[in-house]
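Asks: Handing you a structure now.
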Amino acid sequence: MASQDDVILEVRDLVKHFPLTQGIVLKRSIGAIKAVDGVDFDLRRGETLGVVGESGCGKSTLAKLLMALERPTSGSVRVHGEDIASARGAALKRMRRNIQMVFQDPYTSLDPRMTVGDIVGEPFEIHSEVAPKGDRRRRVQELLEVVGLDPEHINRYPHQFSGGQRQRIGIARGLALQPEIIVCDEPVSALDVSIQAQVMNLLDRLQKEFNLAYIFIAHDLSVVRHISDRVAVMYLGKIVELGADAEIYDHPTHPYTQALLSAVPVPDPRGRENRERIILTGDVPSPANPPSGCRFRTRCWKAQEICSVEEPLLQVREGSGHPSACHFAEVHDVVHVA
Ligand SMILES: Nc1ncnc2c1ncn2[C@@H]1O[C@H](COP(=O)(O)OP(=O)(O)OP(=O)(O)O)[C@@H](O)[C@H]1O
Ligand SMILES: [Mg+2]
């Protein structure tokens, strides 16, 4: 079991606000899009943290901040105690080796003019210390084999592969520098349902083989269910509930998590009658102008006056063992059928 000593990534009060401007030539600041607005979590060696939430809640922005592809407005992202968010130059380059990303869309994330060998071996161009030039072809072939592709296909182009195979190419590239952490931003949502399970199984196998830690981003809770050790539920730039897999799926305490879970299809039709369905009404408010107090209150059936005045902190609530950001957090046992 992972212990506290195994923490390899620490995210603290992470904020990313994108300036909102008006005017074409003279850009006037008229506010900010609060894409990520105070996020805290740890990641341990070899574990998977699922990150779930509706479109626009800040998942990809969070991923980019972890990879230092975006600079935070404030807060820190420490990898083995060193802040990647403020690192520059050689230190940043060294830290980036350890945290890699698999992107959502294998159709647009691979350069169509590059061969598979060039794509998978590209990280070696930047980090030449990992693989000397004469050794690269062999390394790339080995990586292709590891992800279940034919090493003989090293000179082919992305269009000669199916969607699932392309995602394997993206995964091979992510593994090239032997990172400890891989951020998977919706890695299967662009793929056919029949292919999704194969790619999920591959990620699962690679995790065990290389003791990888994953941040696994998805829209809905059913996708991350089998791969996650812990799950963070995001709403409008914040984590609203964070807990071990069993806690989130069987005893969720935040109304938003409860609503998301009630939307997960039940395989056995007989089970549907026993389930309470929670239908969320209203749209997600704009991240440029989130509601005061609790951001979820405008769609919440439990909301009281305090919810518009006082922001609920992400903390362990009475009767439950994991943190939840709701003034009225209450354990809600979910009966899973089948
Ligand atoms: N570069 C940017 N400039 C301005 N606003 C941005 C930028 N990137 C993201 N945003 C905004 O920040 C918010 C969060 O976007 P983000 O892409 O992180 O959401 P997401 O949870 O990944 O959504 P999806 O599930 O659709 O991928 C959105 O309102 C988005 O429009
Ligand atoms: Mg996204």
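Asks: Just for region 152-169: of the residues that are within 12 Å of M114 (Cβ to Cβ) and outside any helix (DSSP H, G or I), which one is farthest from the chain's Cα centre (by Cα)? Please lay out each step first, then the result.
Replies: First, pick out the residues of region 152-169 that are within 12 Å of M114 (Cβ to Cβ): 154-159, 169.
Keeping just the survivors that are outside any helix (DSSP H, G or I) gives 156-157.
Details: R156: 30, Y157: 28 Å.
Among those residues, the one meeting the criterion is R156.
Asks: Okay, moving on. Going by the structure shown, is S109 among the small types (G, A, S) and either within 16 Å of ligand 1 (Cβ to nearest atom) or on the phi > 0 side of the Ramachandran plot (or both)?
Replies: Details: among the small types (G, A, S): yes; either within 16 Å of ligand 1 (Cβ to nearest atom) or on the phi > 0 side of the Ramachandran plot (or both): yes.
Spelling it out, S109 is indeed among the small types (G, A, S) and either within 16 Å of ligand 1 (Cβ to nearest atom) or on the phi > 0 side of the Ramachandran plot (or both).
Asks: Run down A35, A85 and say which single residue is in contact with a Ser or Thr (Cβ under 8 Å, 6 or more places away or on another chain) and at pLDDT 95 or above. Don't jump to the end; show me each part of the working.
Replies: Numbers: A85 fails: at pLDDT 95 or above.
Sole residue among the options that is in contact with a Ser or Thr (Cβ under 8 Å, 6 or more places away or on another chain) and at pLDDT 95 or above: A35.
Asks: Turning to a different aspect of this structure: When the residues of region 86-104 are narrowed to those that are among the charged types (D, E, K, R) and within 25 Å of N211 (Cα to Cα), which ends up farthest from ligand 2 (Cβ to nearest atom)?
Replies: R94
Asks: Give me the residue from region 177-205 that is outside any helix (DSSP H, G or I) and farther than 17 Å from I215 by Cα and, out of that set, farthest from ligand 1 (Cβ to nearest atom).
Replies: L177
Asks: Something else about it: Among (1) of a type outside the set (V, I, T); (2) within 16 Å of ligand 2 (Cβ to nearest atom); (3) over 17 Å from C184 (Cβ atoms); (4) not in a loop (DSSP other than H, G, I, E, B), which single condition is E54 missing?
Replies: (4)
Asks: Would you confirm whether or not region 89-102 contains a residue that is within 16 Å of ligand 1 (Cβ to nearest atom), under 30 Å from Y157 (Cβ atoms) and either modelled with pLDDT under 95 or not in a loop (DSSP other than H, G, I, E, B) (or both)?
Replies: For region 89-102, residues within 16 Å of ligand 1 (Cβ to nearest atom), under 30 Å from Y157 (Cβ atoms) and either modelled with pLDDT under 95 or not in a loop (DSSP other than H, G, I, E, B) (or both): present.
Asks: Please indicate, with yes or no, whether at least one residue in region 26-36 is more than 21 Å from T257 (Cα to Cα), in a loop (DSSP other than H, G, I, E, B) and small (G, A, S).
Replies: No, because not a single residue in region 26-36 is more than 21 Å from T257 (Cα to Cα), in a loop (DSSP other than H, G, I, E, B) and small (G, A, S).
Asks: Moving on to the next point. Only one of (1) under 30 Å from G164 (Cα atoms); (2) away from ligand 2 (no atom under 16 Å from the Cβ); (3) surrounded by 18 or more Cβ atoms within 10 Å (Cβ to Cβ); (4) not hydrophobic (A, V, I, L, M, F, W, C) fails for R45. Which number is that?
Replies: Tallying (1) under 30 Å from G164 (Cα atoms); (2) away from ligand 2 (no atom under 16 Å from the Cβ); (3) surrounded by 18 or more Cβ atoms within 10 Å (Cβ to Cβ); (4) not hydrophobic (A, V, I, L, M, F, W, C), R45 fails exactly one: (3).
Asks: Quick one: count up the residues across region 57-68 that are assigned to a loop (DSSP other than H, G, I, E, B) and either within 9 Å of ligand 2 (Cβ to nearest atom) or under 26 Å from Q258 (Cβ atoms) (or both).
Replies: Total meeting the criteria: 2.
Asks: How do the pairs read when you match residues in region 36-48 that are within 9 Å of L9 (Cα to Cα) with residues anywhere that are at pLDDT below 95 and part of a loop (DSSP other than H, G, I, E, B), using Cβ under 9 Å and keeping only pairs 6 or more apart or on different chains?
Replies: Sorted first by the residue in region 36-48, then by its partner, the pairs are R44/A2; R44/S3; R45/A2.
Asks: Continuing with this model, one more query. If you go through region 69-81 one residue at a time, do you hit one that is closer than 28 Å to D192 by Cβ, in a loop (DSSP other than H, G, I, E, B), within 16 Å of ligand 1 (Cβ to nearest atom) and acidic (D, E)?
Replies: No, region 69-81 has no match at all.
The values are calculated or read from the model by the stated rules, or taken from the named source; none is laboratory data. Note that the coordinates shown come from a computational prediction; the quantities given were computed from them, not determined experimentally. Cβ sites come from the backbone with ideal geometry, for glycine too, and all protein chains shown count toward neighbours.
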